[in-house]
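The values are calculated or read from the model by the stated rules, or taken from the named source; none is laboratory data. Please read these numbers as outputs of a predicted model, since none were measured by experiment. So basically every Cβ, Gly included, is an ideal-geometry build from the backbone, and we count neighbours across all protein chains shown.
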Amino acid sequence: MRGQHADKIWMAGGAAVAALLTLLTWLLLVGPQNDATRTTRTAATDNLDKAAAQQATLKRLEQDSVNLPSYQAELADILRAVPESDQFPDLLRALREAATDNKVEVSSLSVAGAARIEGTTPVIFDMPLSMSVTGDSDNVQRFLNDLQQHRDRAVLIDSVGVSAQAGSIEGDVTASLALHVFVSGAAPVAASDGATAVS
């Protein structure tokens, strides 16, 4: 009986030692290995996601490069609409010609100082202009449309004020315009010293 009791103690002790060894094996070997496996899987998933995003970016760039010639042609058209600063007097003449073509008279034209537009290549300057034209209201409207849509120079109409021409029986109006024209290269000489009246 005493032997059976000793056997039971040995069996219980053996079971406890086996359980302890299993627990220690798990804590020291299997657990850290599982953590390392999880970390590796997470890193692999992240890398696959990054690779997929880079593939998508590469595909988009490849598609864009197919359109590069049309983008370059569009840029060339835009740059043609932005004259070099030494062509600024030609631009002022073109504004007067647009007025003449649309049968309106330029009563005043003044140029303010140039402001560089940051982040542009080539360097582009914004030239604020004030202009007053007088003529039949339909002709003034045609002149405004011509400036915005049909001329080969970049002209932005910022604001328009229209008033009836005093003493006119033909319905003439005066339009006061705030314009922005754009030039590239160095700051135009005509605008370097502030506002310049042009008659």
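Just so you know, in the stretch 56-93 the residues that are touching a residue at least 12 places away in the same chain (Cβ under 8 Å) and of a type in the set (D, E, K, R) include one that is nearest to residue 125 (Cα to Cα), and it is 84.
Okay, residues lined up against (1) in a helix (DSSP H, G or I); (2) in contact with a His (Cβ under 7 Å, 6 or more places away or on another chain):
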position	(1), (2)
100	yes, no
107	no, no
119	no, no
122	no, no
128	no, yes
133	no, no
141	yes, no
149	yes, no
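Checking each residue in the stretch 39-67 for being of a type in the set (Ser, Thr, Tyr) and either outside any helix (DSSP H, G or I) or within 22 Å of the chain's Cα centre (by Cα) (or both) picks out 57, 65.
Using the structure shown, decide if residue 116 is touching a helix residue (DSSP H, G or I) at 6+ places or on another chain (Cβ under 6 Å) and not hydrophobic (A, V, I, L, M, F, W, C). Don't jump to the end; show me each part of the working.
Values: touching a helix residue (DSSP H, G or I) at 6+ places or on another chain (Cβ under 6 Å): no; not hydrophobic (A, V, I, L, M, F, W, C): yes.
So residue 116 does not fit the description; no.
Cβ-Cβ distances below 7 Å connect the following pairs, each with a first residue in the stretch 131-151 that is closer than 10 Å to residue 162 by Cα and free of Cβ contacts under 8 Å to residues at least 40 places away in the same chain, a second residue that is among the aliphatic types (A, V, I, L, M) and surrounded by 19 or more Cβ atoms within 10 Å (Cβ to Cβ), and a separation of six or more residues or different chains: 137/173; 140/104; 140/133; 140/173; 140/175. Taking the criterion of being surrounded by fewer than 14 Cβ atoms within 10 Å (Cβ to Cβ) and modelled with pLDDT under 75, the only residue of the stretch 82-110 that qualifies is 86. Determine whether the stretch 111-121 contains at least one residue that is surrounded by 19 or more Cβ atoms within 10 Å (Cβ to Cβ) and at negative phi. Yes - at least one qualifying residue is present in the stretch 111-121.
Would a scan of the stretch 148-155 turn up a residue that is acidic (Asp, Glu), modelled with pLDDT of 85 or more and in the same structural domain as residue 94 (by TED's automatic domain parsing)? Checked the stretch 148-155: no residue is acidic (Asp, Glu), modelled with pLDDT of 85 or more and in the same structural domain as residue 94 (by TED's automatic domain parsing).
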